[in-house]
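Structure, as structure tokens:
No value in this document is a laboratory result; all are computed from the given coordinates. These numbers come from a predicted model, not from an experiment. Glycine also receives a Cβ, built like all others from the backbone with ideal geometry; neighbour counts cover every protein chain displayed.
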């Protein structure tokens, strides 16, 4: 395949991927504790000869790194033997803080700072920033999906049917007595795997203890999504325009190929 056409096709493909990520982020601007995704690509450069020269990862969320030639803003002809192609991509979670919203519900809890609540999911340990908790029929503190909220040692938290109070350090008090501690752990964002229900899976041995001064639990609050509507819409418009340009490039290269074929046919005739 012609190098310019190959670059245009790959540019269109990764723009489609970016649009999918942006659309999902925008769909979750009102989801409690939602963390937006970022799409990153790894690239390599081709030069005359068989060697491949690895370059740094280029971030396709608008920050072009040294490994990214920004088609269609460069000259395809001049870069025919010196251009980058995406060879792999991954979705990374943006773990920046969302805004806190007061609800007045004593079973709503928001994290300020890094980390995740731990849940006992049906398929093992799960993690979430969504503190929309409830008390089940046996007096356990659970997520809205019914998963047990866990303490630092993986134990369930029994609050009974009395009034619940939660201190910033996670100490849970019911009927005036301390009944447990809400566990909060940090995780490397590259190991977070979204599994739906605004929850994550990660290797349990990746859990990292947090300094108590780094994080606080706010009772009666929920953390909002960190997806930015204005920025997301701006990036969607930018990506749609880029996709249209890539499509025009593909059509142009296709037209050039057809013209060349016709010319060869005339010469042979």
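Report the gain in length on full extension from residue 228 to residue 158: 0.36 nm times residue separation, minus Cα-Cα distance, nm rounded to one decimal.
21.5 nm
Determine, from the Cβ-Cβ distance of residue 31 and residue 247 and an R0 of 35 Å, the FRET efficiency 1/(1 + (r/R0)^6), rounded to the nearest 0.05.
Approximately 0.60, to the nearest 0.05.
So what's the gap between the Cα centers of the range 142-200 and the range 101-132, to the nearest angstrom?
Each part reduced to its Cα centre gives a spacing of 6 Å.
Considering every pair of different Cα atoms, what Kirkwood radius, in Å, is found for the range 151-195?
12.1 Å
Translational diffusion coefficient of the range 100-223 at 25 °C, 0.890 mPa s, Stokes-Einstein with Kirkwood Rh over Cα pairs, in µm²/s as a whole number.
171 µm²/s
Assuming R0 = 30 Å, what is the FRET efficiency of residue 237 and residue 101, from their Cβ-Cβ distance, to the nearest 0.05?
After rounding, the FRET efficiency stands at 0.60.
If I take every Cα pair under 8 Å that is 6 or more residues apart in the range 100-223, average their sequence separation and divide by the length, what percent do I get for the relative contact order?
Relative CO of the range 100-223 lands at 36 percent.
Just subtract the alpha-carbon distance of residue 190 and residue 216 from 0.36 nm times their residue separation and send over the number in nm, one decimal.
Going from the current span to full extension adds 7.0 nm.
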